[in-house]
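Inspection log for the structure reproduced underneath, given as C-alpha cells.
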Amino acid sequence: MRRDLLIRASFLYLFALIIADVSVMAQARRPGGRWLERERQGLAQPFKGVTMDGKVVPGLFEIRATGVSTEPMLKAAKAFLNGLDKAQRGKATFPIDSNEWRKWGNVHAYPRDGVSFENLNEKQRELAYDLFKASLSAKGVQKTLNIMKLNETLAELTGRHSEYSRWMYYLSFMGEPSSTKPWGWQLDGHHCIINYFVLGDQVVMAPVFVGSEPVHAKSGKYQGTIIMQEAQDKALAFVRSLSKAQQAKAILSREKTGNHNQLEMFHDNEVVPYAGIKAGELSYKQKELLIGVIGEFVGTLKGDHARVKMDEVKKHLDDTRFAWIGGTSDDSVFYYRIHSPVIIIEFDHQRPIALGGRGSPPTRDHIHAVIRTPNGNDYGKDLLRQHLAKEHR
C-alpha cells in the first residue's frame, strides 16, 4: 500500500512539473509573455536601487522643505482623476507602495496597467495634458508629446498600426493626491516612461526613459517632429572640449557596434561601477558644458523643481564621472553615461529594430536615454521609506 502511495505521489509531482513547464512556455509564447517573465524575475528582487558597488550610500536624500509649490500638479491630478468614470479610475489607481511603480517597459509589446490614452475622450486627454504641463517644463511637455507622435510615425512607416500608436500610453496613480501624504503618477508606453513621486513640496522624477525610432519624422502626419538633438549635440561638444589626456580617461572605446544601455526596464538594482573622467578634473568651462548636458535631462522638470535637482547635482559635481563609447565626428554614433551619487544619465544610439534588420549597426535614428536616481531613491523610495518610518514612530 505504501509503495502504491509513493508511486502515485511521484506521478502527481511529475505531472505538476510538466503542467508548470507548459504554463511557462505558454506565457512566453503569448503577446508580451517573455516580458512578463522578465518582470517576474525583476520584481522577485526586493528594491535596493542602482548602486556603484552593490552598497547604497546612505544620507544622500532627506525629507525637507524646498519652498517650491506642488499645488498646481496636485490640482491637475485631482482634476484628471475626477474626470474618469468609475471603471477607468479603478484601472488607474494603486497604493503608494505598489510594485506598479516598477512595472514599466520601454518596449512596445509590454503588457501595461493603468488607463490608456486610447480609452480617453478628448476632454480627458486634455486633463492629462494639464497634468503634464503642471509637472513638466514646456520643453519636457513638448518632448513627451513628440515621442507619442513619433510612435504614430513608426506605425505609418511600418504599417503596424496595431503595435504602434500615438495613443498607446498609460497613466497610473500611486497613492491619493495630497498636499501632505506621498503620492505620484506614472506615464508608461513605448519609448516614453515618466515616474513622478511627490511628497509635500519635494518631487522625484525617476526613472525616466525617453527615446524614439525614428527620432525625426521626415514624412507623414507629424512631419518635422524631432527629438533628442540637443542631448546628442551638447554631449558631443563636451567630449570634443576635452584634451587628449582627458579623452583618454573619458573614452572607454572609440568603437561602437552594439547597444550599451544598462538601466532600462527591470534593472532597478543594477550595479554600475564608476567609469570615465571625474568632473573634478575638468576646467571651469568644461564643467559648464557638462552641466549643460545634464540640464537637457533635468530640465524636463518644471521650473524651480529643476533648479532644486540641479543644485543637488552640482553639490556632487566633482564626484561625477563622464564615460563615452564611440566616435567624436559630426556623424558618429555613441553612448555616454553621466554618473554621480544622485543622478545617472545614459544616452545611447541604438541598433535599428522596427526600421531595419536586427544586428545592423547603431544609428542616430534610434535613441534610448534613461535618467535614474541611484542609491535607493528611484520612484522616491528613500523619501517614502523615511516618511513611513516617521509616521509609524
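Values as computed for the structure displayed
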| item | result |
| --- | --- |
| Ratio Rg/Rh [Cα only; Rh per Kirkwood] for region 71-224 | 0.96 |
| Farthest positive-ward along the chain dipole, Cα basis, beta-carbon charges - from Ile367, Ser243, Ser283 | Ile367 |
| Fully extended contour minus Cα-Cα distance, from Ile63 to Lys91, at 0.36 nm per residue | 7.1 nm |
| By average C-beta atoms within 10 angstrom, highest first, the peptides 330-340, 304-314 | 330-340, 304-314 |
| From phi via Karplus (6.51, -1.76, 1.60), per-residue ³J(HN,Hα) for region 150-159 in Hz, x at Gly/Pro | 5, 5, 5, 4, 4, 4, 5, 6, 9, x |
| Exposure proxy ranking, count of Cβ atoms within 10 Å, fewest first, for Phe173, Phe266 | Phe266, Phe173 |
| Inter-label distance for Glu288 and Glu37, nm, one decimal - labels placed 7 Å from Cα along Cα-to-Cβ | 5.4 nm |
| Farthest positive-ward along the chain dipole, Cα basis, beta-carbon charges - from Met228, Asn99, Tyr274 | Asn99 |
| Added length on full extension, which subtracts the Cα-Cα distance from 0.36 nm per residue, Gln45 to Ser179 | 45.1 nm |
| Length gained when the stretch Ser360-Asn269 is fully extended (0.36 nm per residue, less Cα-Cα span) | 29.8 nm |
| Square roots of 5 times each gyration tensor eigenvalue, C-alpha, region 155-245, largest first, Å | 30, 26, 9 |
| Per-bin percent of Cα-Cα distances, region 39-95 [5 Å] | 4, 11, 11, 12, 12, 17, 19, 10, 3, 0 |
| Exposure proxy order (Cβ contacts within 10 Å, fewest to most) of Tyr222, Tyr164, Tyr169 | Tyr222, Tyr164, Tyr169 |
| Aspartates and glutamates with Cα under 19 Å of Lys309, excluding same-chain neighbours fewer than 8 positions away | Glu62, Glu71, Asp201, Glu288, Glu296, Asp318, Asp319, Glu346, Asp378, Asp382 |
| Student exercise, region 229-379 dipole from Lys, Arg, Asp, Glu Cβ charges, in Debye to nearest 20 | 360 debye |
| Charge dipole magnitude, Cβ of K and R +1, D and E -1 - region 151-259, Cα centre, debye nearest 20 | 540 debye |
| Three-way shape label, region 229-379, alpha-carbon gyration tensor, a/c 1.5 | oblate |
| Prolate/oblate/rounded label for region 103-148 (Cα gyration tensor, a/c 1.5) | oblate |
| Pair-distance profile P(r), taking every C-alpha pair of region 124-195, with 5 angstrom steps and integer % | 4, 15, 23, 23, 16, 10, 5, 2, 1, 0 |
| Integer Hz, Karplus 6.51/-1.76/1.60 couplings in order for region 345-359, x for Gly and Pro | 10, 10, 10, 9, 6, 9, 5, x, 10, 6, 10, x, x, 4, x |
| Violating pairs (Cα-Cα greater than 24 angstrom) within the set Lys91/Lys221; Lys48/Lys249; Lys139/Lys278; Lys133/Lys218; Lys234/Lys381; Lys103/Lys143 | Lys91/Lys221; Lys48/Lys249; Lys139/Lys278; Lys133/Lys218; Lys234/Lys381 |
| Selected from Gly276, Gly67, Gly292 as most flexible by GNM, with the chain as the system and alpha-carbon contacts under 10 Å | Gly67 |
| Label assignment, P(r) over Cα pairs in 10 Å bins from 0, in percent derived from the structure, set [x] 5, 21, 31, 25, 11, 4, 2, 1, 0; [y] 5, 21, 24, 20, 16, 9, 4, 0, 0; [z] 5, 25, 37, 25, 7, 0 | [x] |
| Global form of region 220-314, assessed from the alpha-carbon gyration tensor, a/c cut-off 1.5 | rounded |
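Every read-out reported here was derived from the displayed coordinates using simple, explicitly stated rules and does not represent laboratory data. Being a predicted model, the structure only gives us computed values, none of them experimental. Every residue, glycine as well, gets a Cβ built from its backbone with ideal geometry; the counts of neighbours run over all protein chains shown.
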